[in-house]
1. Quick check on Ile95: is it within 19 Å of Thr11 (Cβ to Cβ), modelled with pLDDT under 90 and surrounded by 12 or more Cβ atoms within 10 Å (Cβ to Cβ)?
2. Check every one of the strands (runs of 3 or more DSSP E) wholly within region 93-162 and list those with 3 or more residues that are within 20 Å of Asn28 (Cα to Cα) and within 14 Å of the chain's Cα centre (by Cα).
3. Just checking, how many residues over region 134-157 are β-branched (Val, Ile, Thr) and either in the same structural domain as Glu13 (by TED's automatic domain parsing) or farther than 25 Å from Ala12 by Cβ (or both)?
4. Quick check on region 9-19. Is at least one of its residues surrounded by 14 or more Cβ atoms within 10 Å (Cβ to Cβ) and more than 18 Å from Met128 (Cβ to Cβ)?
5. Modelled with pLDDT under 75 and of a type in the set (A, V, I, L, M, F, W, C), is that true of Ala82?
6. Can you pull out the residues in region 19-30 that are assigned to a strand (DSSP E or B) and under 29 Å from Leu122 (Cα atoms)?
7. Quick one: Gln131 ticks every box in (1) without any contact (Cβ under 8 Å) to a residue 40 or more places away in the chain; (2) of a type outside the set (A, V, I, L, M); (3) under 20 Å from Ala12 (Cα atoms) bar one, so which box is it?
Amino acid sequence: MHFRYQAGQQTAEVTLERKGDSFRAQVNGVEYAVEVLDRQPGVLSLRFDGRPLTFYWAQDGSRKWISQGGCTYWLDPPAQRASQRSSEVDGNTAIRAPMPAQVRAVQVAPGDPVERGQVLLLLEAMKMEIQVKSPAAGRVNRLLAAAGQTVDRDQLLVEIGE
């Protein structure tokens with residue numbers, strides 16, 4: 001199952017997979033072990049990454065509301081656009097920020113050759129590190145982000161050409 005997690009102005013992509021009697025949650029590329037301890041209507045007790053937590057929940061259409069520790073969150077299925085981090089711009093592959101974040105490190109420079117899957121930038125959002133990887137082999141034509149810069153969701157970060 002795929003969801004978008006929203007807390008205040010922060011958004012994260014969440015994938016939840018069943019693994020036997022437990023689950024594996026992936027939040028912006030970071031994996032967590034999840035075990036269901038008890039399930040009642042509107043109440044769910046979990047062991048999340050070794051910590052016991054109780055969640056209260058309700059559903060309104062496709063949106064799921066979750067309350068834990070005095071904070072309320074909602075889970076929405078992600079928009080189709082959210083899964084596309086790259087696109088074509090003037091014949092180049094445009095790599096965009098998957099979410100609002102701060103650029104922690106830039107691993108390439110304009111003119112550098114890159115391989116498919118190579119880490120181009122490291123972003124930080126919600127105290128998690130996000131690796132921005134090249135979707136294709138090529139050469140860095142434009143680098144539009146710098147270490148320390150805050151970027152918005154879908155902001156153009158790098159253009160890769162042939």
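1. On the way: within 19 Å of Thr11 (Cβ to Cβ): yes; modelled with pLDDT under 90: no; surrounded by 12 or more Cβ atoms within 10 Å (Cβ to Cβ): yes.
It is false that Ile95 is within 19 Å of Thr11 (Cβ to Cβ), modelled with pLDDT under 90 and surrounded by 12 or more Cβ atoms within 10 Å (Cβ to Cβ).
2. On the way: elements: 101-106, 119-125, 128-133, 138-143, 156-161.
So the answer is 119-125, 128-133.
3. Here is the first cut: in region 134-157, the ones β-branched (Val, Ile, Thr) are 140, 150-151.
When the remaining residues are screened for being either in the same structural domain as Glu13 (by TED's automatic domain parsing) or farther than 25 Å from Ala12 by Cβ (or both), the result is 140.
Of the residues in region 134-157, 1 are β-branched (Val, Ile, Thr) and either in the same structural domain as Glu13 (by TED's automatic domain parsing) or farther than 25 Å from Ala12 by Cβ (or both).
4. The answer is no, given that none of the residues of region 9-19 is surrounded by 14 or more Cβ atoms within 10 Å (Cβ to Cβ) and more than 18 Å from Met128 (Cβ to Cβ).
5. Yes.
6. First, the residues of region 19-30 that are assigned to a strand (DSSP E or B): 19, 22-27, 30.
Result: Phe23, Arg24, Ala25, Gln26, Val27, Val30.
7. (1)
Residues are listed down the side, and each one gets a yes or a no for (1) part of a strand (DSSP E or B); (2) closer than 30 Å to Ser134 by Cα; (3) modelled with pLDDT under 90; (4) among the β-branched types (Val, Ile, Thr):
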{"residue": "Tyr32", "(1), (2), (3), (4)": "yes, yes, yes, no"}
{"residue": "Ser45", "(1), (2), (3), (4)": "yes, no, no, no"}
{"residue": "Thr54", "(1), (2), (3), (4)": "yes, no, no, yes"}
{"residue": "Trp57", "(1), (2), (3), (4)": "yes, no, yes, no"}
{"residue": "Lys64", "(1), (2), (3), (4)": "yes, no, yes, no"}
{"residue": "Ser67", "(1), (2), (3), (4)": "yes, no, yes, no"}
{"residue": "Trp74", "(1), (2), (3), (4)": "yes, no, yes, no"}
{"residue": "Pro78", "(1), (2), (3), (4)": "no, yes, yes, no"}
{"residue": "Glu88", "(1), (2), (3), (4)": "yes, yes, yes, no"}
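The values are calculated or read from the model by the stated rules, or taken from the named source; none is laboratory data. Small disclaimer: the values here were computed from a predicted structure and weren't measured. Reconstructed Cβ throughout: ideal geometry from the backbone, glycine too, with neighbour counts over all protein chains shown.
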